[in-house]
Amino acid sequence: MHQTLSIVVPTYNEIDNIIPFLERVKSALSSFDWELIFVDDNSSDGTASAAYKLSLQDPRIRVILRLADRGLARSSIQGMLSAKGHLLCIMDGDGQHDPEVVPQLVQRLQNGPLDVVSAARRLDEGVNPAALSALRRKISECGNALSSLVIGRRMTDPLTGFFVIRRDAFLEIAPHLGDPGFKLLLDILHSKKSLRHAEVPFDFGVRMNGESKLDACVLWRFSTFLMSKMTGGILPASLISFLCVGASGVLVHLSILFCALTLGLPFTAAQVAAALVAASSNFLLNNFLTFRDKRLRGRAQFQGYLKFLLISSVGILANVSAAAITYERIVHIVLLATLAGIAIDTIWKFVVVKHLVWK
């Protein structure tokens, strides 16, 4: 049976890359019946508009513009759900994933028979440092080792973002993909471990234009994603991140509290000050890390901060009340009283702010 190929390319600020990428796709896949779907997360540089103009010239090109619920994996999933092809290919359009590798992935998939074939980056010493620095290579090696443990199968590069999967296999597993599915291939293989999978090695290319999206936030999200998978998905990555931020808030809270007590403030006043400072710290970190895909900026950030404090005020009141009651009537130990108050505050905030602040 003739099988069509859908290439799904998530984009964010890649306006200078899409035309060179399209030319490479046309050259590499001239013998294929293909469609190309750009899924853009509302880029500020006009990527979606440029891709739309290309779609007017070639009906094989489509554009999906996402205004909310953004993120690499979510964009990829939406593009795959919208695709017409029997085979679905996920790849980047910045030049680091070579379209010339796609025919190799398809051939390996069809000769298997297999459900998914991924392009595994060569991470040996001979890799081009302009494409993959020594630090990034080491990070990838460590991440791959941990990921292989999580999914329970030995792989060269489970963190690659370049793979081809059969449409029917993807549709079967799509409802089970996680929160939010940071590394999509890893999430797919973890969600259904019986999938028939193979790897094809390839040389990771040099980005054509623009800057890499890899930063400390990406590493943080990957860490919480792995921890979520280690719990079998019982604890979503967003909850783990929220709890980690909350733990940092405990340190901030205790630091402010003991400083205030040292300065002679009454316990209740010191508790209020510590709770307010910790709440502010938690908002900023959650906005930057936990809810990165829905990050508030500018005026929206200030409004979100005020809303966060308003919502938190109920938790802060419970925090102060629980801590004061524990301290004065149950156990006259500052640490235990404080932790009792923080527990009430954290539970309240997690239940409410996810739905009212970062919608």
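The values are calculated or read from the model by the stated rules, or taken from the named source; none is laboratory data. Only a predicted model underlies this, so the values are computations on that prediction, with no experimental measurement involved. Using ideal geometry, Cβ is built from the backbone for each residue, glycine included, and neighbour counts are taken over all protein chains shown. Ligands, DNA and RNA are excluded from the accessible area calculation, which covers all protein heavy atoms including side chains. Shrake-Rupley method; radii C 1.70, N 1.55, O 1.52, S 1.80 Å.
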* To do: For residues that are in contact with a Phe, Trp or Tyr (Cβ under 8 Å, 6 or more places away or on another chain) and in a helix (DSSP H, G or I), scanning just the range 1-53, find the one that is surrounded by the most Cβ atoms within 10 Å (Cβ to Cβ).
  => A51
* Mind checking which residues of the range 288-300 are open to solvent by 60 Å² or more (accessible area, probe 1.4 Å) and assigned to a helix (DSSP H, G or I)? -> F288, R292, K294, R299
* **Any chance L171 is open to solvent by 30 Å² or more (accessible area, probe 1.4 Å), farther than 22 Å from G95 by Cα, among the hydrophobic types (A, V, I, L, M, F, W, C) and modelled with pLDDT of 75 or more** => yes
* Structure fact -> Within the range 54-77, residues surrounded by 19 or more Cβ atoms within 10 Å (Cβ to Cβ) and modelled with pLDDT under 95 come out as R70, G71, L72, A73, R74, S75, S76, I77
* To do: Give just the number: which of (1) among the aliphatic types (A, V, I, L, M); (2) within 22 Å of C244 (Cα to Cα); (3) at pLDDT below 90 does V331 not satisfy?
  => (2)
* Just a yes or no: is a residue in the range 89-106 open to solvent by 60 Å² or more (accessible area, probe 1.4 Å) and outside any helix (DSSP H, G or I)? -> no
* Which pairs have Cβ atoms under 7 Å, sit 6 or more apart or on different chains, and link a residue in the range 198-216 that is at pLDDT 70 or above and in a loop (DSSP other than H, G, I, E, B) to one that is surrounded by fewer than 13 Cβ atoms within 10 Å (Cβ to Cβ) and hydrophobic (A, V, I, L, M, F, W, C)? -> V206/A130
* Structure fact -> Just one listed residue, out of L239, L243, L261, L285, is within 20 Å of I347 (Cβ to Cβ), open to solvent by 20 Å² or more (accessible area, probe 1.4 Å), assigned to a helix (DSSP H, G or I) and at pLDDT 90 or above, and it is L285
